[in-house]
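Heads up, the thing below is written out as structure tokens.
The values are calculated or read from the model by the stated rules, or taken from the named source; none is laboratory data. Source: prediction; values computed, not measured. Every residue, glycine among them, receives a Cβ derived from its backbone with ideal geometry; neighbour counts consider all protein chains shown. With ligands, DNA and RNA removed, areas are computed over all heavy atoms of the protein, side chains included. Shrake-Rupley method; radii C 1.70, N 1.55, O 1.52, S 1.80 Å.
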Amino acid sequence: MDRIEKLCSYLDKCTTFADVGCDHGYCTRYMLKNGLCEAAVISDISAKCLQKAETLLADYVKCGTVKAVCCNGLEGVNEDTGQVLIAGMGGEEIVSIFKNSFIPQNFVLQPMKNTRAVREYLLQNGAQISVDEPFESGGKFYFVIKGKRSGNSNKYAESQLEYGLNLSGEITKKYVRTELTKKRAYLERDLKDETRLKIEEEISFMEGVLNED
Ligand SMILES: C[S@@+](CC[C@H](N)C(=O)[O-])C[C@H]1O[C@@H](n2cnc3c(N)ncnc32)[C@H](O)[C@@H]1O
């Protein structure tokens, strides 16, 4: 299954949907084609990227079902939007988008890196995370975080801040094993004592995560 297909499987039916950083707009097309939303906003900071989605969704734009906005993050998105997707950008960028605007009512996030920063921000700001797990596509791992703006009752352990909620999941274990193999290979290099110690600590932490049930 490709990344977009897998990512879309996390999206719920809603009335209004926003695809922030939409680029080609494939996820919005999935929502509309499957009757999962009545109206959508496609937004991107780059006019050139947004144009790709406007072309793909031209018929929907023409009839007013889709509104295209060239803007930074959530600036052009109504706070009442039912579900917001932000995928394919860095975790720090996603946090900065929230800081500048708001945490959406319902969100599906797929950071490309620094996922921990997204978790920490959401938890510190009262959001409720219902899904936080990796999926695998094309030999790569991607984390998806799904949740709501309010109702925080999550208690994350240190290992979950690093690897998500589903530590016993098969894909999480596979992800940790893959990262562990890379760290062990790194130890074969000629490293400064300080760096070696840090990597050894990380390895021992990861081994602990793999042994958790
Ligand atoms: C790699 S693409 C991901 C596209 C699509 N969401 C996906 O997951 O396949 C990242 C997109 O996010 C846009 N982007 C980056 N930072 C942004 C921001 N602060 N606000 C809106 N769009 C942003 C980029 O212009 C680019 O089109």
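Could you grab the pairs with beta carbons closer than 6 Å, sequence gap of 6+ or different chains, first residue in segment 7-20 and in the same structural domain as Glu75 (by TED's automatic domain parsing), second one assigned to a loop (DSSP other than H, G, I, E, B) and within 14 Å of the ligand (Cβ to nearest atom)?
From residues that are in the same structural domain as Glu75 (by TED's automatic domain parsing), the pairs are Ala18/Val77.
Any residue in segment 120-137 that is farther than 15 Å from Ala157 by Cα sitting within a Cβ distance under 6 Å of a residue that is among the hydroxyl-bearing types (Ser, Thr, Tyr) and assigned to a strand (DSSP E or B)? List the pairs, counting only those 6 or more apart or interchain.
Close Cβ pairs (under 6 Å, with a partner that is among the hydroxyl-bearing types (Ser, Thr, Tyr) and assigned to a strand (DSSP E or B)) amount to Phe135/Tyr142.
Before we move on, is Ala58 touching a strand residue (DSSP E or B) at 6+ places or on another chain (Cβ under 7 Å) and among the aliphatic types (A, V, I, L, M)?
Answer is no for this residue.
Return yes or no: is Phe98 without any contact (Cβ under 8 Å) to a residue 60 or more places away in the chain, touching a helix residue (DSSP H, G or I) at 6+ places or on another chain (Cβ under 8 Å), in the same structural domain as Asp23 (by TED's automatic domain parsing) and under 29 Å from Glu170 (Cα atoms)?
No.
Please go through (1) within 12 Å of the ligand (Cβ to nearest atom); (2) open to solvent by 20 Å² or more (accessible area, probe 1.4 Å); (3) under 29 Å from Tyr156 (Cβ atoms) for Arg116 and return the number of the only condition it doesn't satisfy.
Of everything listed in (1) within 12 Å of the ligand (Cβ to nearest atom); (2) open to solvent by 20 Å² or more (accessible area, probe 1.4 Å); (3) under 29 Å from Tyr156 (Cβ atoms), Arg116 misses just condition (1).
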